[in-house]
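One structure is given here, and the rest of the page talks about it.
Every number in this text was worked out from the coordinates using simple rules, so none of it is lab data. It should be emphasised that the depicted structure is a prediction, and the values quoted were computed from it without experimental measurement. Here the Cβ is made from the backbone with ideal geometry for all residues, glycine too, and neighbour counts use every protein chain on show.
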Amino acid sequence: MTRLLTGIGALVFSTWVGAVDLPEVEVFKSPYCGCCSAWAEHMRSNGFTIRETNVNDVPATRNRLGMPERYSSCHTAKVGDYVIEGHVPAADIKRLLKERPKAVGLAAPGMPQGSPGMESQNPVAYDVMLVKSDGAAKVYAHHEPVKNEKPGK
């Protein structure tokens, strides 16, 4: 019985540690962008600790962190060893952190309507790209439109 309880305790503890063991996300954004803060809130609600850093020049920050301009969006984030560009869903970032591919990071180029922080009555399908160090990218996740009952939330 003691062995069973010890095993259950270890399982619960490892699950708890895995849930808390997410790296901090530093979001570099314009102080005037509301959708960037909405994405940060999406990340918080998915277990990440967020630090929002307002910058006057998001493209310069993106460039400094190594994300090619062609994958640009309105904000850039640093999560562990990876750069996250734009409105990438938390589930994709958690997958990235679990799989640990060799890459610069993930990007949701532009500002896709219906992505986290860009909720809309007219969502669109969009791809999240895995961006490699040579600037090449491939589709990492495809997201179909999901109608939101509360646009702008």
Notebook entry, point to check: Among Lys132, Lys102, what is the fewest-to-most ranking by other Cβ atoms within 10 Å?
Noted result: Lys102, Lys132
Check: Using the 10 angstrom Cβ neighbour count as an exposure proxy, how do Asp134, Asp57, Asp127 rank, fewest first?
Finding: Asp134, Asp57, Asp127
Notebook entry, point to check: Among the listed pairs Lys102/Lys138; Lys78/Lys147; Lys29/Lys132, which are separated by more than 19 Å between their Cα atoms?
Noted result: Lys78/Lys147; Lys29/Lys132
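So how do Lys147, Lys98 line up by other beta-carbon neighbours within 10 Å, fewest first? Kindly include the intermediate steps, with their values, before the conclusion.
On the way: Lys147 11, Lys98 8.
Lowest count first: Lys98, Lys147.
Please give me, ordered by residue number, the chymotrypsin sites (Phe, Trp or Tyr not before Pro) of segment 20-73 that lie in loop per DSSP and have at most 15 other Cβ atoms within 10 Å. Present the calculation step by step, with values, prior to reporting the outcome.
Values: sites: Phe28, Tyr32, Trp39, Phe48, Tyr71; in loops: Tyr32, Phe48.
Sites meeting the loop and neighbour criteria: Tyr32.
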Next item on the list: Hey, can you grab everything whose amide H is under 5 Å from the amide H of Thr53? Only 5+ residues off in sequence or another chain; H modelled, so Pro and N-termini drop out.
Entry: Val27, Phe28, Lys29
Check: Can you list residues whose amide H is under 5 Å from Val88's amide H, if they're 5+ apart or on another chain and H is modeled 1.01 Å from N?
Finding: Ala108
Margin query: Expected output is a single nm value to one decimal: the length gained when fully extending between Asn54 and Ser30, i.e. 0.36 nm times separation in residues minus the C-alpha distance. What is it?
Written below: 8.1 nm
